[in-house]
Amino acid sequence: METNTICHDCQKWNDQNSVFVNTAMFEYDEFMKEFMYQYKFNGDYRLRLIFATCIKDFIRSHFKKTNLVVVPIPVSMTTMNTRGFNQVCGLLEYVNYQECLTVKSIDKPLQSHKNRQGRLSTAQPFELINSTTKNLAGKNILIVDDVYTTGTTIRHAVKALEEVHPASILGMTLSR
């Protein structure tokens, strides 16, 4: 799905004084929907290896900034206890990453159970893990997520990470 144009969502978010840009590797089509269902919701952790190498290669070829810190979107403790793994960390099997964010313990419906309006109105779910953020000032941060639906999740991560004063924050998702 790689393209050099700015998508409608990024244009709309940029109208709200945001300069964040996300790059998606693939289109969220029927194949990707089935993959995500099997991987995330049926818990087939072996499926992470289908994309792990191409994600590593994609990051190396598209994000050549120095001092790059890869930050995965975290999952809640409830999801971790139910699923047993963070699907984004699984996809980053061959990439060095730093877990800098955690999900606040708030009882709420899962993102996958919300419609577009529900996702857009989600309150900030993330907070920084203080012990991991000391060396992020001035670094280039790449936030990685599995699926870009409305952009709300990754933009909440951006807002949380802006507190550490990085040089830049970019985003990458497996699909959109």
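The values are calculated or read from the model by the stated rules, or taken from the named source; none is laboratory data. This one's a predicted model, so the numbers in the text were calculated from it and none came from an experiment. Cβ placement follows ideal geometry from the backbone for every residue including glycine, while neighbour counts extend to all protein chains displayed.
In this structure, is Thr150 closer than 30 Å to Asn115 by Cβ and surrounded by fewer than 22 Cβ atoms within 10 Å (Cβ to Cβ)? So Thr150 passes the test. Going through (1) basic (Lys, Arg); (2) surrounded by 12 or more Cβ atoms within 10 Å (Cβ to Cβ); (3) at pLDDT below 90; (4) closer than 20 Å to Glu27 by Cα one by one, Lys114 falls short only on (4). Cβ-Cβ contacts under 6 Å between residues 6 or more apart (or on different chains), taken from a first residue in segment 83-103 that is free of Cβ contacts under 8 Å to residues at least 24 places away in the same chain to a second residue that is part of a loop (DSSP other than H, G, I, E, B) and buried (at least 20 other Cβ atoms within 10 Å of the Cβ), are listed as Asn86/Val75. Would you confirm, using the coordinates I've provided, whether Lys139 is surrounded by 14 or more Cβ atoms within 10 Å (Cβ to Cβ), of a type in the set (Lys, Arg), modelled with pLDDT of 85 or more and farther than 25 Å from Arg46 by Cβ? Judged against the criteria, Lys139 is a match. Among the residues of segment 45-74, those that are on the phi < 0 side of the Ramachandran plot and not in a helix (DSSP H, G or I) comprise Phe63, Lys64, Lys65, Thr66, Leu68, Val69, Val70, Val71, Pro72, Ile73, Pro74. Of all residues in segment 32-44, count the ones that are more than 18 Å from the chain's Cα centre (by Cα), surrounded by 12 or more Cβ atoms within 10 Å (Cβ to Cβ) and either outside any helix (DSSP H, G or I) or of a type in the set (Phe, Trp, Tyr) (or both). Looking only at that region, the number is 2. If you take the residues of segment 60-75 that are under 24 Å from Tyr37 (Cα atoms) and in contact (Cβ under 8 Å) with a residue 40 or more places away in the chain, which of them is surrounded by the fewest Cβ atoms within 10 Å (Cβ to Cβ)? Going through the qualifying residues, I end up with Pro74.
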